[in-house]
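*Asks:* Take a look at this one; I'll ask things after.
The values are calculated or read from the model by the stated rules, or taken from the named source; none is laboratory data. Here the structure is a predicted model, which is why all the values come from computation and not from measurement. Cβ atoms come from the backbone with ideal geometry, glycine included; neighbour counts cover every protein chain shown. When the accessible area is computed, the model is the full protein with side chains, heavy atoms only, and any ligands, DNA or RNA have been set aside. Shrake-Rupley method; radii C 1.70, N 1.55, O 1.52, S 1.80 Å.
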Amino acid sequence: MKKPYFKALHILVFLAFALLGVASLTQLHSFSFSGNALPEAGLLLSISGAITFFLWALMRESSQSEKELRQAHDQLRTAINAIPDTFLVIDRNYRIVMANTAVHQLAGYDPVAKKLCCHQVSHHQDIPCTGSDDPCPLPLVLKHKRPVNVIHAHYSATGEKHWVDITASPIFDENGEVIQMIEACKDITKQKEAELALIRSKEILQETNYRLEQAIARANQLAIDADKANTAKSEFLANMSHEIRTPMNGVIGITDLLLHSNPTEEQRDHLNTIHSSAEVLLSIINDILDFSKIEAGKLTLETIEFDPTTLVDEICDLLALSAHRKGLDFICQIDSNIPVQIIGDPNRLRQVITNLIANAIKFTGHGEILFRVKLSNIFNKKTTILFEVSDTGMGISPAQIPALFKPFVQADNTITRSYGGTGLGLSICKQLVEMMGGQIGVTSRKGDGALFWFTLPLNLPSHEITKAKPELSRLDGMRALVVDDNASCRQWLIHSLTEAGCLAKEAASTTEAQDAIKQALSNNTPFDVILLDTNINLTAEHIPMPGAPPIITMTPLGRMERPDTPLRRTTIGRIDKPIKRLALNTVMAAVLRGETVPLSNTQRSSTIPPLDNLSGKIKHKASVLLAEDNLTNQKVAFGLLKKFGIEPVVVPNGQEAVLAVQRDYYDLVFMDCQMPVLDGLLATSKIREMEYGVRHIPIVAMTAHALTGDREKCLAAGMDDYLSKPLSAAALAVVLIKWLGVENKGEIIPQPHLFPPAEKDIPKILDQSDLISRLADDEELAHEVLTAFAEDIPNKIEILKTAVTESNIQEIQAQGHTVKGAARNISAQQLQETAAQIEEAGKEGDIDRATTLLPILDSQCQTLLAAIHEIISRGLNS
């Protein structure tokens, strides 16, 4: 088919020849009258001839172009037809405008010639595909104007189903609108059928395994029933062990309380001996009890819902102290895809994990303990979780491994003499894991550490899970430097931060950290925060001032931070090791938002007054209610309160707490958050409803964490303060002084806060007290920081003004972020909040909003600079 412009050329040629003919006739006519050719006729003849020649040449050239174009078109058609997969071009109405040979072969006809739509060919229906399980890519291409890849089902004329991998791409017109789409389809039916067959095989295998486990369990039960004498002996042992274990818990609890009663050094030494001996004895009794129960067939498993992440966090907190006392690094890594709720026996799972980690700590002299929890698979309301405990200890030879899981046997007889133990721990672990349907094993070499692992198949709740997984904040654009001499810890932190969008770098030493900081400053990409392990000796001399990023120290749980900690002056908070993903995310998000970073649960010893000076500062004969369901926790809290002259009324649940408040008057309520019958949050809400605004009873939450999410729940319930568990006398004293204190005669008692200031509080231009407090009461350092800020910030504001004038959104965002960080470092809340809004405007590309905010920021900056100059001239706090 010829193109329209060829038709136009033909018409022009025709007109040219016509004009030539007219010219010729005119010339002949002129000759007939005068015998001479008229000049006009000759000129016309010449022009006509020239036009005719030009058009002939143009037609010849156009004909050649058309030939080349037709040749290229034929080559393209040949190439497309050679593609073994189907290839189509489809217009906006889903009509096929081009199709290769593969389409013809599959359909049995030419869909272009029949003017068919794609869904008429692939699904033999007159309406477009709408299934959500196998979505059609074409509407997605039209909507998003970008290539789309999906797995889709096609059907042959006989109804046979074909799975295809479709890649659809848009073709745009000169206005950027999609006018056509290219669709390439690859048949993956065989691959899909293989996947389905594999799934069916796994289901059959799981069912076979289940039946096999059931058969083994029945066989074991028959063997136990046959051995009556052995069963009777085991039952007696179990009963006796239980009777011994009960008073041992009391011995340990009271010993703990006595250790907090300011004993003499000699008494403390005796108490520590009692405590450690009781712990060892209790551990042996527990092993014997569990082993005898297993042999007697009396050990039953619970089947309840629980949160595996919370369970693991609690275990790590409990064992971290033992690891850190030996100078070991303890890293706890939990995959983010672990289900929030599973069904099983949390107590027995806790027992197995605790035993494996405790063994690793016991047999490791130096190095690290690494505990990992991974999701192996999840399918059809069932999941398998892998638990791994690796250490850098003495290791086990291959010849010793087979005896590890046998009762009353240890890998080496010298181990019993050196480390103690019954040799029952691993045997019990093996039996418990197998009772729960899992497997356990170990890989190790002598002198090269060991890796113990076990897998557990667990069910998922069949109903809709109401407990939501804690939402992690995005840290996009945030820059962080992780400084830690332990590679496993660095890798875990880098992975967790990167997963949240943070741009994280790592350093293993002071030198590497110094180089990374200098490199970041030279690239104009300074770090927003440094996560610093307290083992790294990073001092102020290593970091240029100004420009020093805020520092969060990472301190082993239970270890007090020394007053001379490196860079204490620029430290804005700390986080305990082993570091949990949620705690890390919460702290980093607070830094990113410019909020105050809470200190660790462990109180700083330097900020807590001596306990023997506090009794006179607490209201005499105060009436206190203690709501706590755990008997041990009751005794500890009761004993600590009694040390301050307070004998609380104790109730075991939230409902009893509500009734107690209805009956009697209380100056203060300590409320455990998790209790049976009625939890602490609901109990607090009911108490607040009863108050009718007449009298507000201070309620102190007792909780393990004070993280994002807990804050909103406690605020909504009406709680006023918090105490973290395990309770300490020092932390309790601070809370008592805060709510039951008397006149302090000018002495300032530090008070921990769970909640930041309310939003209704008016932001300050410059919070001097906060600045001084964060800089460890060093007025000289505060003077240097304010001077550096006053010298540097005007230039930053000018750069920001230029960026707004030039509508440079990247620079607006960058400078807004810089000003926000600088303002945060000197506790200038107003300027910090406005700069944060400008940063957000730059991120969203909202120039108008940035333009509106700029004069406000400039005015606040001028006011702040005037205040700083006045403070510098007259001195801080004067």
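*Asks:* From the list 701, 706, 758, which residue is open to solvent by less than 10 Å² (accessible area, probe 1.4 Å) and either at pLDDT 75 or above or closer than 30 Å to residue 834 by Cβ (or both)? Walk me through how you get there before you give the answer.
*Replies:* On the way: 706 fails: open to solvent by less than 10 Å² (accessible area, probe 1.4 Å); 758 fails: open to solvent by less than 10 Å² (accessible area, probe 1.4 Å).
The conditions single out 701.
*Asks:* Part of a helix (DSSP H, G or I), surrounded by fewer than 12 Cβ atoms within 10 Å (Cβ to Cβ) and in contact with a Gly (Cβ under 7 Å, 6 or more places away or on another chain): does that describe residue 221?
*Replies:* Numbers: part of a helix (DSSP H, G or I): yes; surrounded by fewer than 12 Cβ atoms within 10 Å (Cβ to Cβ): yes; in contact with a Gly (Cβ under 7 Å, 6 or more places away or on another chain): yes.
It is true that residue 221 is part of a helix (DSSP H, G or I), surrounded by fewer than 12 Cβ atoms within 10 Å (Cβ to Cβ) and in contact with a Gly (Cβ under 7 Å, 6 or more places away or on another chain).
*Asks:* Also: Condition first: exposed (fewer than 13 other Cβ atoms within 10 Å of the Cβ) and at positive phi. Now tell me which residues in region 91-123 satisfy that.
*Replies:* Those that are exposed (fewer than 13 other Cβ atoms within 10 Å of the Cβ) and at positive phi: 108, 115.
*Asks:* Here's something else I'd like to know. Pull up region 569-590, narrow it to residues that are modelled with pLDDT under 85 and among the β-branched types (Val, Ile, Thr), then point me to the one that is nearest to the chain's Cα centre (by Cα).
*Replies:* Only one residue tops the list, namely 572.
*Asks:* Anything in region 294-305 that is among the polar types (S, T, N, Q) and either within 24 Å of residue 374 (Cβ to Cβ) or under 30 Å from the mean Cα position of the chain (by Cα) (or both)? List them, or say none. Break it down into steps so the answer makes sense when it comes.
*Replies:* If we filter region 294-305 for residues that are among the polar types (S, T, N, Q), which is where we start, we get 300, 303.
Passing the criteria: only 303.
*Asks:* Hey, any hits in region 480-489 for a residue that's open to solvent by 30 Å² or more (accessible area, probe 1.4 Å) and either in the same structural domain as residue 588 (by the TED database) or in contact with a Pro (Cβ under 6 Å, 6 or more places away or on another chain) (or both)?
*Replies:* Initial filter on region 480-489 (open to solvent by 30 Å² or more (accessible area, probe 1.4 Å)): 485, 487.
If we keep only those that are either in the same structural domain as residue 588 (by the TED database) or in contact with a Pro (Cβ under 6 Å, 6 or more places away or on another chain) (or both) as well, we get 485, 487.
Checking region 480-489: at least one residue is open to solvent by 30 Å² or more (accessible area, probe 1.4 Å) and either in the same structural domain as residue 588 (by the TED database) or in contact with a Pro (Cβ under 6 Å, 6 or more places away or on another chain) (or both).
*Asks:* While we're here: Only one of these conditions is not met by residue 374: (1) within 20 Å of residue 458 (Cα to Cα); (2) touching a helix residue (DSSP H, G or I) at 6+ places or on another chain (Cβ under 8 Å); (3) of a type outside the set (A, V, I, L, M, F, W, C). Which number is it?
*Replies:* (2)
*Asks:* Select from region 306-358 the residues that are of a type in the set (A, V, I, L, M, F, W, C), in a strand (DSSP E or B) and closer than 18 Å to residue 372 by Cβ and list them in ascending order. Steps first, answer last, please.
*Replies:* Keep residues of region 306-358 that are of a type in the set (A, V, I, L, M, F, W, C), which gives 306, 311-312, 315-316, 318-321, 323, 328, 330-332, 334, 338, 340, 342-343, 349, 352-353, 356-358.
So of that shortlist, the ones also in a strand (DSSP E or B) come out as 306, 330-332, 334, 342-343.
The answer is 330, 331, 332, 334, 342.
*Asks:* Consider residue 691 carefully, then state whether it is within 38 Å of the chain's Cα centre (by Cα), open to solvent by 10 Å² or more (accessible area, probe 1.4 Å) and at pLDDT below 85. Lay out the reasoning, then the answer.
*Replies:* Values: within 38 Å of the chain's Cα centre (by Cα): no; open to solvent by 10 Å² or more (accessible area, probe 1.4 Å): yes; at pLDDT below 85: yes.
So residue 691 fails the test.
*Asks:* Let me ask something else. Could you check, for region 807-829, whether at least one of its residues is open to solvent by 60 Å² or more (accessible area, probe 1.4 Å), of a type in the set (Ser, Thr, Tyr) and touching a helix residue (DSSP H, G or I) at 6+ places or on another chain (Cβ under 8 Å)?
*Replies:* Checked against the condition, which is being open to solvent by 60 Å² or more (accessible area, probe 1.4 Å), of a type in the set (Ser, Thr, Tyr) and touching a helix residue (DSSP H, G or I) at 6+ places or on another chain (Cβ under 8 Å), region 807-829 yields at least one hit.
*Asks:* Something else now. Would you mention how many residues in region 825-878 are part of a helix (DSSP H, G or I) and over 38 Å from the mean Cα position of the chain (by Cα)?
*Replies:* Keep residues of region 825-878 that are part of a helix (DSSP H, G or I), which gives 825, 829-844, 847-874.
Keeping just the survivors that are over 38 Å from the mean Cα position of the chain (by Cα) gives 859, 862-863, 865-874.
Residues in region 825-878 being part of a helix (DSSP H, G or I) and over 38 Å from the mean Cα position of the chain (by Cα): 13 in total.
*Asks:* Further question on the same structure: Out of (1) in a loop (DSSP other than H, G, I, E, B); (2) open to solvent by 10 Å² or more (accessible area, probe 1.4 Å), what's the single condition that is false for residue 642?
*Replies:* So the condition that residue 642 fails would be (1).
*Asks:* Having 1 or more residues that are within 21 Å of residue 81 (Cβ to Cβ) is the bar; report the helices (runs of 4 or more DSSP H) wholly within region 99-187 that clear it.
*Replies:* 101-107, 118-122
Here is a yes/no grid of residues against (1) farther than 25 Å from residue 100 by Cβ; (2) over 39 Å from the mean Cα position of the chain (by Cα); (3) surrounded by 11 or more Cβ atoms within 10 Å (Cβ to Cβ):
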| residue | (1), (2), (3) |
| --- | --- |
| 137 | no, no, yes |
| 154 | no, yes, yes |
| 166 | no, no, yes |
| 181 | no, no, yes |
| 197 | yes, no, no |
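*Asks:* Any residue in region 710-720 that is at pLDDT 90 or above, surrounded by 16 or more Cβ atoms within 10 Å (Cβ to Cβ) and in a loop (DSSP other than H, G, I, E, B)?
*Replies:* Taking region 710-720 as the starting set, the residues that turn out to be at pLDDT 90 or above are none.
No, every residue in region 710-720 fails to be at pLDDT 90 or above, surrounded by 16 or more Cβ atoms within 10 Å (Cβ to Cβ) and in a loop (DSSP other than H, G, I, E, B).
*Asks:* On the phi > 0 side of the Ramachandran plot and not in a strand (DSSP E or B) - does that describe any residue in region 444-460?
*Replies:* Checked region 444-460: at least one residue is on the phi > 0 side of the Ramachandran plot and not in a strand (DSSP E or B).
*Asks:* Quick one: what pairs do we get from region 528-553, first residue farther than 17 Å from residue 482 by Cβ and surrounded by 22 or more Cβ atoms within 10 Å (Cβ to Cβ), second at pLDDT below 70 and of a type outside the set (A, V, I, L, M, F, W, C), C-beta under 8 Å, 6+ apart or different chains?
*Replies:* Qualifying pairs under 8 Å: none.
*Asks:* If you check 522, 488, 509, which single one turns out to be modelled with pLDDT under 90 and more than 26 Å from residue 595 (Cα to Cα)? Please lay out each step first, then the result.
*Replies:* Working: 488 fails: modelled with pLDDT under 90; 509 fails: modelled with pLDDT under 90.
On inspection, the qualifying residue turns out to be 522.
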